[in-house]
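Trainee: One structure follows; several queries about it will come next.
The values are calculated or read from the model by the stated rules, or taken from the named source; none is laboratory data. Note that this is a predicted model, so its numbers are computed, not measured. Cβ placement follows ideal geometry from the backbone for every residue including glycine, while neighbour counts extend to all protein chains displayed. Accessible surface is based on the protein model in full, side chains and every heavy atom, while ligands, DNA and RNA are left aside. Shrake-Rupley method; radii C 1.70, N 1.55, O 1.52, S 1.80 Å.
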Amino acid sequence: LWRIQHRGFSIAPRPVFGHDLVFAIIDRDHPELWAIRPDGNGDVTDTHVAWKHIKSMPQRCAPMLVEDLLYLVNRAGIATCLDARTGALVWRERLPGKYSASPICAGNRIYLFNEDATATVIQPGRELRIVATNALAREQLRATPAVDGDAFIVRTEGHLYRIGDGSSR
């Protein structure tokens, strides 16, 4: 139906849709986040890109939309929160470690798992508020965990874990 022309290749993060925009990471080597209006036909490169954000965007992790805010974390651990409608920077902070897993939102918390299998848990909002930091294992973690009800399914380099409160066994 429509297409956007961009430079680059080997895009790993999946696009996200919300607020009548498609949020897509463009280019692995010099990643940018593009907000694209999906109502066009043909080549809409010059007409349907609502905004772009180029600083500290992820090569591997997908963006996550929670209400009006986009949350992203790049490989170097720079977490960014943007206003989804305008692309305006809300906050940007460095977190410990390197990141390959995409952010997850569950139970009104955002979970950011780094490659050292440590989860930084934040409260969604216009200020960075770290709720907890949990070291899960002493193995590398690169895959985005899955949510299974009130539990996470986490795959590390050598193990598969189900992490929950134990009441649903």
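Trainee: Given the Cα-Cα distance of Ala146 and Glu67 and 0.36 nm per residue of separation, how much length would full extension add, in nm?
Mentor: Values: separation 79, 0.36 × 79 = 28.44 nm, distance 2.05 nm.
Taking 0.36 nm per residue and subtracting the Cα distance, the gain is 26.4 nm.
Trainee: Obtain the radius of gyration and the Kirkwood radius of segment 78-118 from its C-alpha atoms and give Rg over Rh. Show your work: numbers first, answer last.
Mentor: Working: Rg = 11.6 Å, Rh = 11.5 Å.
For segment 78-118, the value is 1.01.
Trainee: Oh, and also: For a paramagnetic label modelled at 7 Å from the Cα of Glu157 toward its Cβ, which residues of segment 117-142 fall within the zone defined by backbone nitrogen distances under 20 Å?
Mentor: 117-120, 134-142
Trainee: Under a 1.4 Å probe, what is the accessible area of segment 19-169 per residue, stated in Å²? All intermediate terms of the calculation are to be shown ahead of the outcome.
Mentor: Details: 7750 Å² over 151 residues.
Roughly 51 Å² per residue, with all protein chains present.
Trainee: Please compute the length gained on full extension between Ala132 and Arg92, using 0.36 nm multiplied by the number of residues separating them and subtracting their Cα-Cα distance.
Mentor: Numbers: separation 40, 0.36 × 40 = 14.40 nm, distance 1.80 nm.
Answer, rounded to one decimal: 12.6 nm.
Trainee: Follow-up. If the elastic network links every pair of Cα atoms under 10 Å, which of Thr86, Thr47, Thr133 fluctuates the most in the Gaussian network model of the chain?
Mentor: Thr47
Trainee: State to the nearest 20 debye the size of the charge dipole of segment 47-94 about its Cα centre, where the only charges are +1 on K and R beta carbons and -1 on D and E beta carbons. Each step should come with its number before you reach the end.
Mentor: Values: 7 positive and 4 negative charges, 62 e Å.
It works out to roughly 300 debye.
Trainee: Between beta-carbons, use under 11 Å as the cut-off and find the net charge around Glu115, counting Lys and Arg +1, Asp and Glu -1.
Mentor: Working: positive: Arg60, Arg75, Lys98, Arg142; negative: Asp116, Glu139, Glu157.
Taking every Cβ under 11 Å from that of Glu115, the sum is +1.
Trainee: Then there is this: How big is the chain by Rg and Dmax over its Cα atoms, in Å?
Mentor: 16.6, 53
Trainee: Two decimals is fine: what's Rg over Rh for segment 32-95, C-alpha atoms, Kirkwood radius as Rh?
Mentor: On the way: Rg = 12.6 Å, Rh = 12.5 Å.
Result: Rg/Rh = 1.01.
Trainee: While we're here: Given a Förster radius of 41 Å and the C-beta distance between Thr45 and Asp165 as r, what FRET efficiency does 1/(1 + (r/R0)^6) yield to the nearest 0.05?
Mentor: Numbers: r = 48 Å, r/R0 = 1.18.
Efficiency computed from Cβ-Cβ geometry: 0.25.
Trainee: A further question on this structure: Two decimals, Cα atoms only, Kirkwood Rh: what is Rg/Rh over segment 113-169? Each step should come with its number before you reach the end.
Mentor: Details: Rg = 12.3 Å, Rh = 12.3 Å.
Rg divided by Rh gives 1.00.
Trainee: Of the accessible area of segment 38-169, with the probe set at 1.4 angstrom, what percent is carbon plus sulfur?
Mentor: Details: 3160 of 7040 Å².
The value for segment 38-169 is 45 percent carbon and sulfur by accessible area.
Trainee: While we're on this one: With an 8 Å Cα cut-off and a minimum separation of 6 or more residues, compute the relative contact order for the chain in percent. Could you put the intermediate results ahead of the total?
Mentor: Working: 416 pairs, mean separation 20.9, N = 169.
Computed value for the chain: 12 percent relative contact order.
Trainee: Ordering Glu139, Glu67 by accessible area with a probe of 1.4 Å, largest first, what comes out? The partial results should precede the final answer.
Mentor: Numbers: Glu139 40, Glu67 155 Å².
So the residues, ranked largest to smallest area, are Glu67, Glu139.
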